[in-house]
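Q: Shown below is the structure under consideration.
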Number of protein chains: 2
Amino acid sequence: MTTSAPVVVSRSTLKRLPLYLHVLEDLQRQGREYASCTMLAGKFDFAPILVRKDLEVTGAKGTAKIGFKVVDLIRDIKEFLGWHNVQDAFLVGAGNLGKALLGYKDFELYGLNIVAVFDADPRKVGTRVFNKEVLPMGRMPGLAKRMHINIGIVTVSADGAQAVVDAMVISGIRAIWNFAPAPLSIPDGIILENARLTQSLAVLSNNLKRTLQSE
Amino acid sequence: MTTSAPVVVSRSTLKRLPLYLHVLEDLQRQGREYASCTMLAGKFDFAPILVRKDLEVTGAKGTAKIGFKVVDLIRDIKEFLGWHNVQDAFLVGAGNLGKALLGYKDFELYGLNIVAVFDADPRKVGTRVFNKEVLPMGRMPGLAKRMHINIGIVTVSADGAQAVVDAMVISGIRAIWNFAPAPLSIPDGIILENARLTQSLAVLSNNLKRTLQSE
DNA sequence: TTATTATCGATAGAAAATTATCGATAAATC
DNA sequence: GATTTATCGATAATTTTCTATCGATAATAA
Ligand SMILES: NC(=O)c1ccc[n+]([C@@H]2O[C@H](COP(=O)([O-])OP(=O)(O)OC[C@H]3O[C@@H](n4cnc5c(N)ncnc54)[C@H](O)[C@@H]3O)[C@@H](O)[C@H]2O)c1
Ligand SMILES: NC(=O)c1ccc[n+]([C@@H]2O[C@H](COP(=O)([O-])OP(=O)(O)OC[C@H]3O[C@@H](n4cnc5c(N)ncnc54)[C@H](O)[C@@H]3O)[C@@H](O)[C@H]2O)c1
């Protein structure tokens, strides 16, 4: 056995890694060579030991008293997340949110490259969004198979989401990034990740409510 | 003492509540009168007991064998989150993402009403986005104070975010919903909630990487 | 009517995540 | 050169979150 089994880490750790990455890339731009867990922790009000535990999973090695080498740490985090190889993705739903995602340049930094857009609305098909032609849904399966697309992004309204996901699964797509607020069912083996803005809003709203109440 | 102290619940629970809410609103539209934890759990692959624990914090009361009354549960969740009273909010950064948020009609359902937009770019100031005029940054503090705005939404680039947040704090804004991938510092007592899409993407990417590796 | 079943609500237990401790080490200071 | 300090890496303890159990209850079926 030459390859070690891929390490499974907690969702919480996984979600903190990109936070560190953003800071590290900033430090790199500023020409800093080393970064310590204590310093990274300070940026987020985390306990330093939490950051050290998180970085541990990436296999990065630090040095006592000086910390981690910034370039190496960036590389190790990106590799751990799978962001060192950029993956091509399809986006379905050329509405407000879909357009915003299409216009986001930094996705390349995060291992994502949206290569085609689809929509069911005949009025949108044929129009161009950020220099990409909106294609009809019917072309999705064929193109996805031909191009070996692994990632599908869902930015349609909630009532259309399940149908889109079903089509993606048929198209051989392996991982789905869903922005619609609908519970989706998928077959085993397919990865579903929900990016629900309202979850974050719920935390904010409840905090604000409690603050206002206790005045 | 007449008012009970506001209940503090875990972030995890708080983030699951809107998920239930979406389903419940759907059930309501379908005319269903009751919903059980077991059923809700099934929609998300959660353990039924987890849903019951989550709903407990809202103070909602269920009935054995039949479950929770849909209308009441919706009301209790919304009230717990603070979504029964819609809060006015300011948005800063009329770019791709800012426009998408401005165009999102459902925020009203989630207790949020974006009433004004600001941008530092003179070419954007004066233009209209979803029928709202983009205002210059200089007008933000005055208007925020006059209108008693509690919520600020940050959709500027990472390097501008701290300045925007500082301005919001000075303007009397109490809670900040930040979409920029920058660690922000805020004074005690101000609520900061980060909506970082890359966090969700990191989970997806890592899962996909592991899936692809183990083939 | 009585038995069965699905569910709630309360309490207890298990698992996971976070935090603390401690020896080792490398740099900085005395 | 010895001492102090900041940090890492490993292990242990603690806290938080999630899950299981169990009696009570309301609907349904026998
Ligand atoms: N806009 C936001 O800021 C925002 C915030 C949070 C969540 N969301 C969610 O993201 C999704 C998209 O939001 P939006 O504001 O862009 O909506 P939108 O109405 O602007 O766009 C939806 C697009 O999806 C297309 N579509 C609908 N059903 C389809 C189907 N079955 N197949 C293919 N295309 C289909 C429509 O033609 C439209 O172009 C929604 O589910 C919304 O709830 C959006
Ligand atoms: N577009 C996306 O899908 C997406 C996804 C994830 C994260 N984000 C983040 O959201 C933020 C906005 O992204 P975007 O794609 O809309 O960018 P964008 O460049 O389209 O828009 C940014 C807007 O902010 C304004 N701005 C910049 N600095 C400002 C300042 N100091 N004060 C006031 N206004 C200022 C700019 O004039 C511009 O209109 C970025 O931080 C980005 O990293 C965007």
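Q: Modelled with pLDDT under 95 and farther than 19 Å from A:Asp159 by Cβ, is that true of B:Met1?
A: Working: modelled with pLDDT under 95: yes; farther than 19 Å from A:Asp159 by Cβ: yes.
Criteria met by B:Met1.
Q: For the range A:23-60, give me each residue that is of a type outside the set (Ser, Thr, Tyr), touching a strand residue (DSSP E or B) at 6+ places or on another chain (Cβ under 8 Å) and farther than 16 Å from B:Pro183 by Cα.
A: Of everything in the range A:23-60, those that are of a type outside the set (Ser, Thr, Tyr), touching a strand residue (DSSP E or B) at 6+ places or on another chain (Cβ under 8 Å) and farther than 16 Å from B:Pro183 by Cα turn out to be A:Glu33, A:Leu55, A:Ala60.
Q: Here are the criteria: (1) in the same structural domain as A:Pro181 (by TED's automatic domain parsing); (2) modelled with pLDDT under 95. Tell me which single one A:Lys65 does not satisfy.
A: Looking at each condition in turn, A:Lys65 falls short on (1).
Q: Output the residue which, of all residues in the range B:73-96 that are in a strand (DSSP E or B) and of a type outside the set (A, V, I, L, M, F, W, C), is nearest to B:Tyr110 (Cα to Cα). Can you show your working first?
A: From the range B:73-96, those in a strand (DSSP E or B) are B:87-92; that's our starting set.
Adding the requirement that they be of a type outside the set (A, V, I, L, M, F, W, C) leaves B:87-88.
Working: B:Gln87: 9, B:Asp88: 12 Å.
So, considering only residues that are in a strand (DSSP E or B) and of a type outside the set (A, V, I, L, M, F, W, C), the one nearest to B:Tyr110 (Cα to Cα) is B:Gln87.
Q: Can you tell me how many residues within the range B:75-105 are within 16 Å of DNA strand C (Cβ to nearest atom) and more than 8 Å from chain A (Cβ to nearest Cβ)?
A: Of the range B:75-105, the ones within 16 Å of DNA strand C (Cβ to nearest atom) are B:75-77, B:80.
Adding the requirement that they be more than 8 Å from chain A (Cβ to nearest Cβ) leaves B:75-77.
Of the residues in that region, 3 qualify.
Q: Looking at B:Ala47, B:Ala94, B:Ala64, B:Ala89, which is the one that is open to solvent by less than 80 Å² (accessible area, probe 1.4 Å) and free of Cβ contacts under 8 Å to residues at least 40 places away in the same chain? First the steps, then the outcome.
A: On the way: B:Ala94 fails: free of Cβ contacts under 8 Å to residues at least 40 places away in the same chain; B:Ala64 fails: open to solvent by less than 80 Å² (accessible area, probe 1.4 Å); B:Ala89 fails: free of Cβ contacts under 8 Å to residues at least 40 places away in the same chain.
Being open to solvent by less than 80 Å² (accessible area, probe 1.4 Å) and free of Cβ contacts under 8 Å to residues at least 40 places away in the same chain holds for just one of B:Ala47, B:Ala94, B:Ala64, B:Ala89, which is B:Ala47.
Q: Run down A:Ile186, A:Ile151, A:Ile173, A:Ile74 and say which single residue is within 23 Å of B:Ala180 (Cα to Cα) and of a type outside the set (D, E, K, R).
A: Numbers: A:Ile186 fails: within 23 Å of B:Ala180 (Cα to Cα); A:Ile151 fails: within 23 Å of B:Ala180 (Cα to Cα); A:Ile173 fails: within 23 Å of B:Ala180 (Cα to Cα).
When all the criteria are applied, what remains is A:Ile74.
Q: Which members of the range A:67-125 meet the condition of being under 29 Å from A:Val8 (Cα atoms) and within 11 Å of ligand 1 (Cβ to nearest atom)?
A: The answer is A:Leu91, A:Leu101.
Q: Hey, any hits in the range B:117-138 for a residue that's over 21 Å from B:Ile173 (Cα atoms), away from ligand 2 (no atom under 11 Å from the Cβ) and touching a strand residue (DSSP E or B) at 6+ places or on another chain (Cβ under 8 Å)? Write out each step before concluding.
A: To start, the set of residues in the range B:117-138 that are over 21 Å from B:Ile173 (Cα atoms) comprises B:121-131.
Of the ones still in play, those that are also away from ligand 2 (no atom under 11 Å from the Cβ) are B:126, B:128, B:130-131.
So of that shortlist, the ones also touching a strand residue (DSSP E or B) at 6+ places or on another chain (Cβ under 8 Å) come out as B:126, B:128.
Within the range B:117-138, one or more residues are over 21 Å from B:Ile173 (Cα atoms), away from ligand 2 (no atom under 11 Å from the Cβ) and touching a strand residue (DSSP E or B) at 6+ places or on another chain (Cβ under 8 Å).
Q: Something else: One residue is enough: does the range B:16-27 have a residue meeting the conditions surrounded by 12 or more Cβ atoms within 10 Å (Cβ to Cβ), of a type in the set (A, V, I, L, M), within 13 Å of DNA strand D (Cβ to nearest atom) and within 9 Å of chain A (Cβ to nearest Cβ)? Explain how you work it out, then say what you get.
A: The first filter runs over the range B:16-27 and keeps only residues surrounded by 12 or more Cβ atoms within 10 Å (Cβ to Cβ), leaving B:16-27.
Then drop every residue that is not of a type in the set (A, V, I, L, M), which leaves B:17, B:19, B:21, B:23-24, B:27.
When the remaining residues are screened for being within 13 Å of DNA strand D (Cβ to nearest atom), the result is B:17, B:19.
Those still in the list that are within 9 Å of chain A (Cβ to nearest Cβ) too: B:17, B:19.
Scanning the range B:16-27 turns up at least one residue that is surrounded by 12 or more Cβ atoms within 10 Å (Cβ to Cβ), of a type in the set (A, V, I, L, M), within 13 Å of DNA strand D (Cβ to nearest atom) and within 9 Å of chain A (Cβ to nearest Cβ).
To keep it simple, each residue is scored yes or no on (1) in contact with a Pro (Cβ under 9 Å, 6 or more places away or on another chain); (2) touching a residue at least 24 places away in the same chain (Cβ under 8 Å); (3) within 21 Å of A:Leu14 (Cα to Cα).
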{"position": "B:Ile149", "(1), (2), (3)": "no, yes, no"}
{"position": "B:Val154", "(1), (2), (3)": "no, yes, no"}
{"position": "B:Ala167", "(1), (2), (3)": "yes, yes, no"}
{"position": "B:Asn178", "(1), (2), (3)": "no, yes, yes"}
{"position": "B:Ser185", "(1), (2), (3)": "no, no, no"}
{"position": "B:Asp188", "(1), (2), (3)": "no, no, no"}
{"position": "B:Glu193", "(1), (2), (3)": "no, no, yes"}
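The values are calculated or read from the model by the stated rules, or taken from the named source; none is laboratory data. Here the structure is a predicted model, which means the values were calculated and not measured. Neighbour counts run over all protein chains shown; Cβ positions are idealised from the backbone, glycine included. The accessibility values were calculated without ligands, DNA or RNA, using every heavy atom of the protein model including side chains. Shrake-Rupley method; radii C 1.70, N 1.55, O 1.52, S 1.80 Å.
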